[in-house]
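One structure is given below, encoded as structure tokens.
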Amino acid sequence: QIRVEDDRTGLSITTLRSALADNLFYIQGKFPGTATKNDYYMALAYTVRDRLLQRWLNTTQTYRKNVKVVCYLSAEFLIGPQLVNNLINLGIYAKIRQAVEESGLSLQELIEQEEEPGLGNGGLGRLAACYLDSLSTLEIPAIGYGIRYEFGIFDQEIRDGWQVEITDKWLQYGNPWEIARPEEYVEVKFGGRSEHYYDEKGNYRVRWIPDRVVKGVPYDTPILGYQVNTANTLRLWKAEAIESFDFQAFNIGDYYGAVDAKIVSENLTKILYPNDEVIQGKELRLQQQYFFVSCALQDMIRLLLSTEVSLETFHQQFAVQLNDTHPAIGVAELMRLLVDEHRIDWDKAWHITQNTFAFTNHTLLPEALEKWPIELFGRLLPRHLEIIYEINQRFLDRVRMKYPRDLGKLSRLSLIDESGERYVRMANLACVGSHAINGVAELHTELLKKTVLKDFYEFFPEKFANVTNGVTPRRWMVLSNPRLTRLITEKIGDRWITHLDDLRKLETLADDASFRQQWRQIKQETKGDLAAYIRKKLDIIVDPKSLFDIQVKRIHEYKRQHLNVLHVITFYNRLKHDRDLDITPRTFIFGGKAAPGYFMAKLIIKLIVSVANIVNNDPDVRDRMKVVFIPDFNVTLGQRIYPAADLSEQISTAGKEASGTGNMKFALNGALTIGTLDGANVEIREEVGAENFFLFGLTTEEVYGLKARGYRPFDYYNQNAELKAVIDLISSGFFSHGDVDLFKPLIDNLLYRDDYMLLADYQSYIDTQEKVSQAYRDRENWTRMSILNVARMGKFSSDRSIREYAQKIWKVEPVPVELLQ
Ligand code: 26Y
């Protein structure tokens, strides 16, 4: 059989060029003469997608024969731009570059055309994306289920120092990476009432009579693993109106009513809520959660029933991970589907449900624990409320048995909060309905067991485990830091890309002066790239030779960007007081979005930009410090920023940051960390060695102790002249054109409340920053520490995390995919 390379799969340069031209004509409908850059990007994306499809379809085919599938349920998937990642995982980056350049185009320019799918807020959504990458790379059968938001996380602009939110129209020029599957739609009910009846056999049954039905249409994105045939699916659901429902209105002449119903249905998946960590309790959000979870579970049941396997083996066919409580309604929904719709008896259904679900908690902040008012919940999901009451009754019977007469236990463990207005507690539902519960870093899991989930830990100790987060080295090193990737691979081969522990082999090279020279050179060039970006976008000139001190993450009081600002101003004051001070020059870089309704977070951005404006234009200090706020921090920008850092700021109040994953991305790219003993910082420090980590601040125990004794921030202010000078300078209007009121809410909060104990940690932070400055002056030793950080980051690969989930929680094995068709 003669096989001619075809335009859809061939990998020779000639074929790739011809495929590009073909797609430009037949998909974009353009001649080269009139094609825009975006047309070329689309033509290229389709060229790459064609080469994914064979792997994807073979993967789906392979999974049809009885393999256990991981279903990762998440309201957010922050997958980032797809083109380069797919080129790398397919192993055709170099070839595509050549084909594109031979066609007279610049690959870099085409890459920059891609609009990233911003379908997440921050850490939790990005973690889901890293996990999908690792699941595919490890050849584990998996489906990611989520929501296809029409508008993802807003684009951030800074006007006059304030954050302005712009709608994220990521779909406006089309999305070449997804395939719609309209024929695989499912129906999701809302509202109405439940009806209790006896069926034809005299069995007691319940059915749900909804007052509204919405159609869920799946859109699939292939997630290819690194240099394997496995391409798992990310299946995101879009809400649409059901024709037959509004036809009724249409037929009686109510055209507008019919169109209204359509709009209401489609609103469901219009927008991603831009809040994290602080719940808002909006009805539409509960609708979104129920919508995608119901779609996912119905989809799984259909998959199962299409293979002649009994529904009673559901938990042997699927392991369903709940990414925080956002999909926790799945516990009640699976019970409803099994009991009401598939007539499985309660006990059997409960066994299936508990053995199907596992729950990951991502937060210790009490204000982030989701709960829904009973009234709202019952109005939207009347049958689910009944099911939750039933689960609760059976569960509390067991609690009473174990702790007779302990009313405190009973009220804390109950799925219903009855302390005031009544609420459904989603974390309690997730804990009771799952067989495994995990935190995302060792410290976090320990604190969960001691604080927010203490009673559950005492009741179900066997369910608890830790799985420390990880990040994918493919995106966060190979893709984002090609220079360092090349150097490392030259020295130790490329096995580290899938076995990150191999980086250990770099340890001995830390003592090799010429290797250190190359390492420094690369960091320098990468910083130069970021400096060029900053100059182009913000017209600020920064010195790539200065220490790049970077904090990028969502803006939150607990993450303490304003503690960083207190240091920036301290640094500035020291320079002002002694103009000849021999200081280590620094560039302070910030980035991150604030929730639109979070006033304090927006004020922190305003403060950073205000300080930047003063400092950057003060002739006394110029060249020795610069302050930059990079707008619109997202995955694409992260890829530019993490590799360019010398110093990574991980400065949350101890006990508040569940894990952090930015901390891992920075250290993997050779930044040293200044951080508290919080989240995964603890484990990073353990791995890289205390001597290669800048630790400061109170421990969690000390934070709790100080709170309990009565914390008085004002005393710290009074007793610390340098701190007082910094605070007074802000209050004086120095950074706000004389406006003494602008930052008053922030300052008053620090002086009289300071929930996150910035003032208590101030001196320790300043002293440690001084140590950083001193250490940076010894460039050889700094480079040594940087190399050792990278060499010891093996643990923080998401491949390691996923292996742990697979063994400890999901009980799944790799299923390699052969290309048969
Ligand atoms: C309920 C709603 C308001 C909500 C929406 C999003 C609540 C929380 C979130 C997102 C939380 C989040 O991103 N948490 C982060 O998860 C990361 C991955 O585990 C952790 O590394 C990080 O410490 C944690 O803040």
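The values are calculated or read from the model by the stated rules, or taken from the named source; none is laboratory data. Worth saying up front: this structure is predicted, and the values here are computed from it rather than measured. As a convention, Cβ positions derive from the backbone with ideal geometry for all residues, glycine included, and neighbour counts pool all protein chains shown.
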Search result, residues across region 250-274 that are within 13 Å of the ligand (Cβ to nearest atom) and either touching a Leu at 6+ places or on another chain (Cβ under 7 Å) or part of a helix (DSSP H, G or I) (or both): Leu272
Qualifying position, being within 23 Å of Lys68 (Cα to Cα), within 16 Å of the ligand (Cβ to nearest atom) and either modelled with pLDDT under 95 or touching a Leu at 6+ places or on another chain (Cβ under 7 Å) (or both), among Ala328, Ala368: Ala328
Arg412 being surrounded by fewer than 22 Cβ atoms within 10 Å (Cβ to Cβ) and over 24 Å from Leu364 (Cβ atoms): no
Matching residues, region 689-701, being hydrophobic (A, V, I, L, M, F, W, C) and either part of a loop (DSSP other than H, G, I, E, B) or in contact with a helix residue (DSSP H, G or I) (Cβ under 8 Å, 6 or more places away or on another chain) (or both): Phe693, Phe694, Leu695, Phe696, Leu698
Odd one out for Ile79, checked against (1) more than 16 Å from the ligand (Cβ to nearest atom); (2) assigned to a loop (DSSP other than H, G, I, E, B); (3) modelled with pLDDT of 95 or more: (1)
Among the candidates Ile540, Ile492, Ile534, residue that is free of Cβ contacts under 8 Å to residues at least 40 places away in the same chain and crowded, with 16+ Cβ neighbours inside 10 Å: Ile492
Out of Glu780, Glu804, sole residue that is under 28 Å from the mean Cα position of the chain (by Cα), in a helix (DSSP H, G or I) and either surrounded by fewer than 19 Cβ atoms within 10 Å (Cβ to Cβ) or at positive phi (or both): Glu804
In region 26-43, the residues that are on the phi > 0 side of the Ramachandran plot and crowded, with 17+ Cβ neighbours inside 10 Å: none
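Condition check ((1) among the basic types (Lys, Arg); (2) part of a strand (DSSP E or B); (3) in the same structural domain as Glu109 (by TED's automatic domain parsing); (4) more than 16 Å from the ligand (Cβ to nearest atom)) across all residues:
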{"site": "Val628", "(1), (2), (3), (4)": "no, yes, no, yes"}
{"site": "Ser652", "(1), (2), (3), (4)": "no, no, no, no"}
{"site": "Gly660", "(1), (2), (3), (4)": "no, no, no, no"}
{"site": "Gly670", "(1), (2), (3), (4)": "no, no, no, yes"}
{"site": "Val682", "(1), (2), (3), (4)": "no, no, no, no"}
{"site": "Glu687", "(1), (2), (3), (4)": "no, no, no, yes"}
Matching option when the condition is assigned to a helix (DSSP H, G or I) and either under 26 Å from Thr233 (Cα atoms) or of a type in the set (Ser, Thr, Tyr) (or both), among Thr9, Thr15, Thr34: Thr15
Residue in region 551-561 that is under 28 Å from the mean Cα position of the chain (by Cα) and farther than 29 Å from Thr676 by Cβ present: no
Hey, Leu322 at pLDDT 95 or above, surrounded by 19 or more Cβ atoms within 10 Å (Cβ to Cβ), away from the ligand (no atom under 16 Å from the Cβ) and not in a loop (DSSP other than H, G, I, E, B) or not: no
Boolean, Thr313 is surrounded by fewer than 18 Cβ atoms within 10 Å (Cβ to Cβ), of a type in the set (Ser, Thr, Tyr), out of contact with any strand residue (DSSP E or B) (no Cβ under 6 Å at 6 or more places or on another chain) and part of a helix (DSSP H, G or I): yes
Checking Glu277 against (1) part of a helix (DSSP H, G or I); (2) crowded, with 19+ Cβ neighbours inside 10 Å, the condition it does not meet: (1)
Condition check for Lys744: surrounded by fewer than 21 Cβ atoms within 10 Å (Cβ to Cβ) and closer than 20 Å to Glu557 by Cβ: yes
Residue check, Leu581 surrounded by fewer than 21 Cβ atoms within 10 Å (Cβ to Cβ) and either among the β-branched types (Val, Ile, Thr) or part of a loop (DSSP other than H, G, I, E, B) (or both): yes
Matching entry among Asp549, Asp502, Asp529 (being assigned to a helix (DSSP H, G or I), within 30 Å of His362 (Cβ to Cβ), of a type outside the set (A, V, I, L, M, F, W, C) and modelled with pLDDT of 95 or more): Asp502
Qualifying residue in region 226-242 (condition: aromatic (Phe, Trp, Tyr) and away from the ligand (no atom under 16 Å from the Cβ)): yes
Long-range neighbours under 7 Å by Cβ, at least six apart or interchain, first residue under 16 Å from Asn121 (Cα atoms) within region 594-615, second acidic (Asp, Glu) and not in a loop (DSSP other than H, G, I, E, B): Pro596/Glu165
Checklist (1) of a type in the set (A, V, I, L, M); (2) surrounded by fewer than 23 Cβ atoms within 10 Å (Cβ to Cβ); (3) assigned to a helix (DSSP H, G or I) applied to Ile344, failing item: (3)
Helices (runs of 4 or more DSSP H) completely within region 93-201 that count 2 or more residues being touching a helix residue (DSSP H, G or I) at 6+ places or on another chain (Cβ under 6 Å), among the polar types (S, T, N, Q) and within 16 Å of the ligand (Cβ to nearest atom): none
Test: residue in region 288-304 that is assigned to a strand (DSSP E or B) and either within 16 Å of the ligand (Cβ to nearest atom) or at pLDDT 95 or above (or both): no
Residue count for region 7-52, restricted to those that are hydroxyl-bearing (Ser, Thr, Tyr) and under 20 Å from Ile179 (Cβ atoms): 5
